[in-house]
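What follows is a set of notes on a single structure, which appears directly below.
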Number of protein chains: 2
Amino acid sequence: MTPPPESALDGDGPVFLVEPWTVRENELRIDRLPQTESVFALSNGHLGLRGNLDEGEPHGIPGTYLNSFFEQRPLPHAEAAYGNPESSQTVINVTNGKLIRLLVDDEPFDVRYGRLKHHERVLDMRAGTLTRQVEWTSPAGRTVRITSVRMVSLRQRAIAAIRYEVEAVDEPVRIVVQSELVANEELPEQDASDPRGTASLRSPLLCEEHMANGSKVLLLHRTRASNLRMAAGMAHTITGPDPMSVENESSQDVGRTTIATRLEPGEKLCVMKFLAYGWSSQRSRPAVHDQVVAALAAARQTGWEGLLAEQRDYLDEFWRGADVEVEGDAELQQAVRFALFQVLQAGARAERRMIPSKGLSGPGYDGHTFWDAETFVLPVLTYTHPDAAADALAWRHMTLPLACERARQLGLAGAAFPWRTIRGQECSGYWPAGTAAFHLNADIADAVIRYVDATEDTRFEREIGFDLVIQTARLWRGLGHHDVGGVYRIDGVTGPDEYSAVVDNNVYTNLMARRNLQEAARLAMEYPDLAEGLGVDAEEAASWRDAAAAMFIPYDERIGVHPQAENFTNHAPWDFANTAEADYPLLMNFPYFDLYRRQVVKQADLVLALHLCGDAFTAEQKARDFAYYEALTVRDSSLSAQTQAVVAAEVGLLDLAHDYLGETSLVDLHDLYGNTRDGLHIAALAGAWSGLVAGFGGMRAGTGSLRFAPRLPGGISRLVFRLRYRGNRLRVTVTHDSVKYELLEGSGLKLLHHGEPVTLGDTPAELPVPDLAPPQEPVQPAGRAPLARRVAQRGDTRQD
Amino acid sequence: MTPPPESALDGDGPVFLVEPWTVRENELRIDRLPQTESVFALSNGHLGLRGNLDEGEPHGIPGTYLNSFFEQRPLPHAEAAYGNPESSQTVINVTNGKLIRLLVDDEPFDVRYGRLKHHERVLDMRAGTLTRQVEWTSPAGRTVRITSVRMVSLRQRAIAAIRYEVEAVDEPVRIVVQSELVANEELPEQDASDPRGTASLRSPLLCEEHMANGSKVLLLHRTRASNLRMAAGMAHTITGPDPMSVENESSQDVGRTTIATRLEPGEKLCVMKFLAYGWSSQRSRPAVHDQVVAALAAARQTGWEGLLAEQRDYLDEFWRGADVEVEGDAELQQAVRFALFQVLQAGARAERRMIPSKGLSGPGYDGHTFWDAETFVLPVLTYTHPDAAADALAWRHMTLPLACERARQLGLAGAAFPWRTIRGQECSGYWPAGTAAFHLNADIADAVIRYVDATEDTRFEREIGFDLVIQTARLWRGLGHHDVGGVYRIDGVTGPDEYSAVVDNNVYTNLMARRNLQEAARLAMEYPDLAEGLGVDAEEAASWRDAAAAMFIPYDERIGVHPQAENFTNHAPWDFANTAEADYPLLMNFPYFDLYRRQVVKQADLVLALHLCGDAFTAEQKARDFAYYEALTVRDSSLSAQTQAVVAAEVGLLDLAHDYLGETSLVDLHDLYGNTRDGLHIAALAGAWSGLVAGFGGMRAGTGSLRFAPRLPGGISRLVFRLRYRGNRLRVTVTHDSVKYELLEGSGLKLLHHGEPVTLGDTPAELPVPDLAPPQEPVQPAGRAPLARRVAQRGDTRQD
């Protein structure tokens, strides 16, 4: 994933206005529709609607998704090998219920024809709605105003709703509104050479039932191979001038409500569309049918205004514990709220389903979840919306039997979670950067540790966390071994950096495995009943402690840095000087063997260890290691900039941290990787929060103490962030000179401010920011320095 | 590829009688047909006929092959990646011309029906023929004797011929012989989970022309995707009693000559079938047609007896320079001649085509050639039939532009030859054990060095060898680099052992690359005109010498052995004690990542370095290294036993060497890997010669001097081998006590006998075998010791 071609960023400028609580497009950019469909996606973690235009066309990618509703497809291998998964799972575009077509005196409303006098779309991050306002003159000269407001309910999980209003402007017009459910929409072709895309499946849904009666329309389908069943239903509340006709009809793949009336100038037709979705892998056709009809009834009972009020209430509560205020960089202010909003949308109501890498905003990566959910997304949810973090880990726990079965298939103990999946089965087609990336298992354990530390949720620890930590520890004990010198080695695995693979003693992996093993030993002692249930005896727990204590962390004495993995620093440097801008992302232009054998880093790996396992390094090591890897890291992955931001801030490179923070935060608003069309980069967006809170706030937690070390870059004058920790709600206000810690709710807590203990109760604590001797600026590979924040600040002039 | 299940070897005993110059099956074993079809395959390197029964059915795999006649097929990848080949090449079963069906009083002759009173097949390795004698009584009680003799001409490359004779025994019979050409035969399904198999293609041939006239029948087809054109023609000479009717007919996929007559008891019908094949990727339909018709005319002019005489003459000349006599182990005597015969058949008339890993005996491995041609097959041909070695290298030279293009695609200099291919394009679907196995390039250079040393063929060196050595040296110079300590490293490549992959500083690879670089520097100095032509300047040649001189050869001081690659000896040992017999071959039952991270060796790798780069090791290192790897080597590849035999002999483990020699020699006669059905293991068969000559003869050459160090195991009382070297023909006779060197042709040469210089002229030299202090027996992994030669000696009792 490459930073932007010039055109994408500068071309004719960003699509969105810079505003603190909204993302606004004030003229329609048809060329940017694929991107804006992702940015304007609405989701509650269960149901996701891309920001497609109400009338369906033109579109980039039409998209309606249900979390974990997938089709199975064969995974072909050029050469057979033991343990390769034979099939994969692909998210599918389910029945589209957001379609509302409009005829104006027999001319279909289509933004490509006639004259678009005004077109504005606004994502409101406090209201949780997408509003569209249009004034359009048909080719025949009739002008209408259209206002649509769309929402996916965060309170009523099965529900989405649209308020669609048409007004005649100058002359009387005959209006027909067709509100539809459409299954098996035609999808655009995908580029098969891009591994980040999706395998789009043609007509994945088979109709089992369709129904249209006086008040509602319903389509019920199932998938061919995965044998999942889904239903979508709609009902409408309509107001407008008489005479009006309303007709419902249905066929296998189309349900339609047709409303016809005539509007005098100034008259309005208003259609309130309530949409309900349900799916199941087990329940019968009538059960799924009834579930959807019931959800629809509940939503109509709540009503449009009621749904809006619930939505705002849900979001208010979220922002109270999550909002971040950034003064001095308006673009970043907007970006971090957009990021938090989208992270919430991805995880809010997933409820024992996975959080896909794109949320429910697009079909990229086949709709799979990866390690980035636990590593980058859950930390944000843990401190802002902890229930969602618990739910996501409960989903992992639900798939634990599959992970244990996979471990057995691989000849390993414990659990081997899938590198990429929808329902828990391994779906990775390239094992060196898939199954071999075992660190995912420690990442899951780490997410458990962090969540329990942040919430003291011992019920979760007993019911969910224990099994996850124990079974992943067993994996590590089986994967590693003591060599003849007594050192504990983990050989032949892949770390986070995908430009290396199948290496020995990846530092990040070994440190994370060490924590996993230590925590398992501790839990076994703490919960002897559970330990007995899993057959953990004293010998096994001791073997975990022994392995952790002997864990090999390679260090290159000659140059005084940690090699990312054993031997890494002996490899040939990548020839950055002779690598052209067009050669990035390198994976699209160089073979893996060439990337693997050289010192070139796709994404933070050793630097991620500096962040997540900071206690294993001295401050001086951190500075040296960061500078060393800075010169090798090309950021061909969107999962890198946030970690570089956090560690840059820690080692005192505050402006550099600010630059990296900009990149991770603006990844989708500025389409920095050129593939926002396929869906949002949820983990990179989560990095907007991490870059500010863990970066400039210096927050570290999860391994004993809650620590802060706030320090701002020149471009930010004031930073305020909130977080939830052990029943407390905390606000931290940072300026260049001082930091104020305030308890907004809760009984108080202890924290460290730049290493100094602070006990926080009802009285805020205000403490100075210690001086910093500015370190030397590191060098990035030619052409790979982050976009400087002056770009963002240029953005400021376009504001308000 | 696993050593045999008990049943395959012992079940109901070997299929073949043990005889010195023939392979004889004296009763038909229908269950063994797939194996015997491969063992009885006839080929001249251009055209190959599996030993299918004349009447076509029953069969294991029907097979008729033309070297390099292939179809293209897409190569699917579960995840796209830069540099992966998108398509592969698969050998196809071309028009079957060996079919001769027989009707006896309207009953089709089929060995599964009626009564088979006698059935014998004999492969005669001096005559170059396959003879079949049958006495069969039809279900209706009519008895006939059938004698067929089949040959594929070693002199007339396009030609095969069959003499088919039917005799009535007791009663008069009506006889119909249908001699056919059949295209697009139906093939059995292949097991897709076995990577050693083939992708069989349905109906790969499209008819462009079919013809039947008075004297001949011809079918001309082309392939769909690879767009190759081929023709097969036949003509007959028939003798038998009148009245006889002969009719020719043809349709798109069938050409048929039908001969009908009536035989009184004792009367015979004799059909001489002449078959001609031709193909081209460029020539027109009429040109290919005419080429086949012309070849047919020439063969008929030579006549059946003439073809037989040419064949014997060709083979007499071959055996004069190649025969090996083994006293004391009759099974091995037969096996080594069978092996040499099949190696000759694979390479004899390939003439600027590749030598496939199965020769032209079956469809295994898609008919591809691999590194084993240069590493194991060419050494045998170099010293026994050097023109064939030159031809195979000339084919590599022909594909050099493709290899240079592939190198450029991979971002490398020089040439990167394909890991597996038919026509020169990379066809490997799994790069870690394909493209990354760059040692193939040094193996090709080494084959050049060896050939030129053995022949002093300077014209070849200028026209073929120079380019191959220079372009492969360039590859190495680009693949490796000097680290900060000045050591030259080659990181991230795969050595011969396929249970490791993408490792740093594989000892075999680095040593072979060193030789490649040194030789390139020498050639650049020797041929300044050619060097200039390729743009080699003094700086480039110096950089080759520098890299060679600084080449890193890792050594583990702690345990005093060479790690196969850097870090290998730190890896966890494989748990052999808990690996069941049924778990082998490991690759079918364990994932690659598990094999890669452990100390387990599929096939000789460091031990191959001990053989081919022996000068880089002291005698003591050889003994220690051999013992170390002996305990780790499971021989899941048929490419291992011969190397273990050679090095076991060198370190004085003569009985062990004898055991390994037995395994490589009997690989197909005893179907030791259970997949002889897919074709012969040509490289393993070549090892029969290498094991005897390089093993017990101690022959080393190619890097300066011609050396012998003969020493026999207890089970062999006398060994005689012949070889060609620099225009001389040499015979070496070894007993337990002494060695006699004789010059049979040529002007004389210098050699070393156990390190002592000998100048050999007209007078034979007879020298004693020095005493040997027997080394300690090494240990193999549980259950993986080689089959002891007592099995073979039990075979002796079946002899005479």
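The values are calculated or read from the model by the stated rules, or taken from the named source; none is laboratory data. Fair warning: this is a prediction, and the values are worked out from it, not measured in the lab. When we count neighbours, we look across all protein chains shown, and the Cβ atoms used for this are built from the backbone with ideal geometry, even at glycine. These accessible areas exclude ligands, DNA and RNA; they are computed on the full protein's heavy atoms, side chains included. Shrake-Rupley method; radii C 1.70, N 1.55, O 1.52, S 1.80 Å.
Conditions first: (1) open to solvent by less than 10 Å² (accessible area, probe 1.4 Å); (2) more than 14 Å from chain A (Cβ to nearest Cβ); (3) in contact (Cβ under 8 Å) with a residue 40 or more places away in the chain. Residue B:423 passes all but one, so which condition is the exception?
With (1) open to solvent by less than 10 Å² (accessible area, probe 1.4 Å); (2) more than 14 Å from chain A (Cβ to nearest Cβ); (3) in contact (Cβ under 8 Å) with a residue 40 or more places away in the chain applied to residue B:423, the lone miss is (1).
For the structure I just gave you, tell me whether residue B:442 is crowded, with 22+ Cβ neighbours inside 10 Å and within 14 Å of chain A (Cβ to nearest Cβ). Before you say what the answer is, go through the steps one by one.
Details: crowded, with 22+ Cβ neighbours inside 10 Å: yes; within 14 Å of chain A (Cβ to nearest Cβ): no.
Answer is no for this residue.
In the range B:549-591, how many residues are assigned to a helix (DSSP H, G or I), under 30 Å from residue B:518 (Cβ atoms) and open to solvent by less than 20 Å² (accessible area, probe 1.4 Å)? I'd like the intermediate steps shown before the answer.
Going through the range B:549-591, the residues assigned to a helix (DSSP H, G or I) turn out to be B:549, B:568-570, B:576-578, B:581-583, B:586-588.
So of that shortlist, the ones also under 30 Å from residue B:518 (Cβ atoms) come out as B:549, B:568-569.
When the remaining residues are screened for being open to solvent by less than 20 Å² (accessible area, probe 1.4 Å), the result is B:568-569.
Looking only at that region, the number is 2.
A quick yes/no check of all residues on (1) open to solvent by 40 Å² or more (accessible area, probe 1.4 Å); (2) without any contact (Cβ under 8 Å) to a residue 60 or more places away in the chain; (3) over 30 Å from residue B:599 (Cβ atoms):
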| site | (1), (2), (3) |
| --- | --- |
| B:722 | no, no, yes |
| B:730 | no, yes, yes |
| B:738 | no, yes, yes |
| B:756 | yes, yes, yes |
| B:763 | yes, yes, yes |
| B:776 | yes, no, no |
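Which pairs turn up if I take residues in the range B:499-510 that are within 12 Å of another protein chain (Cβ to nearest Cβ) and within 16 Å of residue B:547 (Cα to Cα) and look for partners that are surrounded by 24 or more Cβ atoms within 10 Å (Cβ to Cβ) and modelled with pLDDT under 95 with beta carbon separation below 6 Å, at least 6 apart in sequence or on another chain?
Once the first residue is within 12 Å of another protein chain (Cβ to nearest Cβ) and within 16 Å of residue B:547 (Cα to Cα) and sits in the range B:499-510, no partner that is surrounded by 24 or more Cβ atoms within 10 Å (Cβ to Cβ) and modelled with pLDDT under 95 comes close enough.
Pick from B:625, B:594, B:546: which is open to solvent by 40 Å² or more (accessible area, probe 1.4 Å) and outside any loop (DSSP other than H, G, I, E, B)?
Result: B:546 is the single residue among B:625, B:594, B:546 that is open to solvent by 40 Å² or more (accessible area, probe 1.4 Å) and outside any loop (DSSP other than H, G, I, E, B).
Looking at the range A:480-498 only, could you name the residues that are among the acidic types (Asp, Glu), surrounded by 24 or more Cβ atoms within 10 Å (Cβ to Cβ) and facing chain B (nearest Cβ under 9 Å)? Step through it out loud before you land on a result.
The initial filter retains those residues of the range A:480-498 that are among the acidic types (Asp, Glu), namely A:483, A:491, A:497-498.
With surrounded by 24 or more Cβ atoms within 10 Å (Cβ to Cβ) added as a condition, the list becomes A:491, A:497.
A:491, the sole residue that qualifies.
Against the definition (among the hydroxyl-bearing types (Ser, Thr, Tyr), open to solvent by 10 Å² or more (accessible area, probe 1.4 Å), within 21 Å of residue A:704 (Cβ to Cβ) and away from chain B (no Cβ under 14 Å)), how does residue A:527 come out, yes or no? Step through it out loud before you land on a result.
On the way: among the hydroxyl-bearing types (Ser, Thr, Tyr): yes; open to solvent by 10 Å² or more (accessible area, probe 1.4 Å): yes; within 21 Å of residue A:704 (Cβ to Cβ): yes; away from chain B (no Cβ under 14 Å): yes.
Considered against the rule, which asks whether it is among the hydroxyl-bearing types (Ser, Thr, Tyr), open to solvent by 10 Å² or more (accessible area, probe 1.4 Å), within 21 Å of residue A:704 (Cβ to Cβ) and away from chain B (no Cβ under 14 Å), residue A:527 comes out as yes.
Going by the conditions given, is residue A:477 open to solvent by 40 Å² or more (accessible area, probe 1.4 Å), touching a residue at least 12 places away in the same chain (Cβ under 8 Å) and more than 14 Å from chain B (Cβ to nearest Cβ)? Step through it out loud before you land on a result.
Numbers: open to solvent by 40 Å² or more (accessible area, probe 1.4 Å): yes; touching a residue at least 12 places away in the same chain (Cβ under 8 Å): yes; more than 14 Å from chain B (Cβ to nearest Cβ): no.
It is false that residue A:477 is open to solvent by 40 Å² or more (accessible area, probe 1.4 Å), touching a residue at least 12 places away in the same chain (Cβ under 8 Å) and more than 14 Å from chain B (Cβ to nearest Cβ).
Filter the range A:65-86 for residues that are more than 10 Å from chain B (Cβ to nearest Cβ) and assigned to a strand (DSSP E or B); which is most open to solvent (accessible area, probe 1.4 Å)? Can you show your working first?
Quick first cut of the range A:65-86, residues more than 10 Å from chain B (Cβ to nearest Cβ) only: A:65-73.
In the following step, the residues that additionally are assigned to a strand (DSSP E or B) were identified as A:65-66, A:70-73.
On the way: A:65: 6, A:66: 1, A:70: 12, A:71: 12, A:72: 79, A:73: 45 Å².
The residue in question is A:72.
For residue A:519, indicate whether it is surrounded by 20 or more Cβ atoms within 10 Å (Cβ to Cβ), farther than 30 Å from residue A:585 by Cα and more than 14 Å from every other protein chain (Cβ to nearest Cβ). Talk me through it step by step, then tell me what you get.
On the way: surrounded by 20 or more Cβ atoms within 10 Å (Cβ to Cβ): yes; farther than 30 Å from residue A:585 by Cα: yes; more than 14 Å from every other protein chain (Cβ to nearest Cβ): yes.
In short, yes.
A quick yes/no check of all residues on (1) within 14 Å of chain B (Cβ to nearest Cβ); (2) without any contact (Cβ under 8 Å) to a residue 60 or more places away in the chain:
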{"site": "A:342", "(1), (2)": "no, no"}
{"site": "A:352", "(1), (2)": "no, yes"}
{"site": "A:361", "(1), (2)": "no, no"}
{"site": "A:370", "(1), (2)": "yes, no"}
{"site": "A:375", "(1), (2)": "no, no"}
{"site": "A:385", "(1), (2)": "no, no"}
{"site": "A:427", "(1), (2)": "yes, no"}
{"site": "A:436", "(1), (2)": "yes, no"}
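Let's see how each residue does on (1) closer than 19 Å to residue B:503 by Cα; (2) within 14 Å of chain B (Cβ to nearest Cβ):
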position	(1), (2)
A:539	no, no
A:543	no, no
A:571	yes, yes
A:574	yes, yes
A:578	no, yes
A:589	no, yes
A:603	no, no
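Give me a count of the residues in the range A:420-468 that are β-branched (Val, Ile, Thr) and under 30 Å from residue B:595 (Cβ atoms). Steps first, answer last, please.
Residues of the range A:420-468 that are β-branched (Val, Ile, Thr), as a first pass: A:421-422, A:435, A:444, A:448-449, A:452, A:455, A:458, A:464.
Within this subset, residues satisfying the condition of being under 30 Å from residue B:595 (Cβ atoms) are A:421-422, A:435, A:444.
The qualifying residues number 4.
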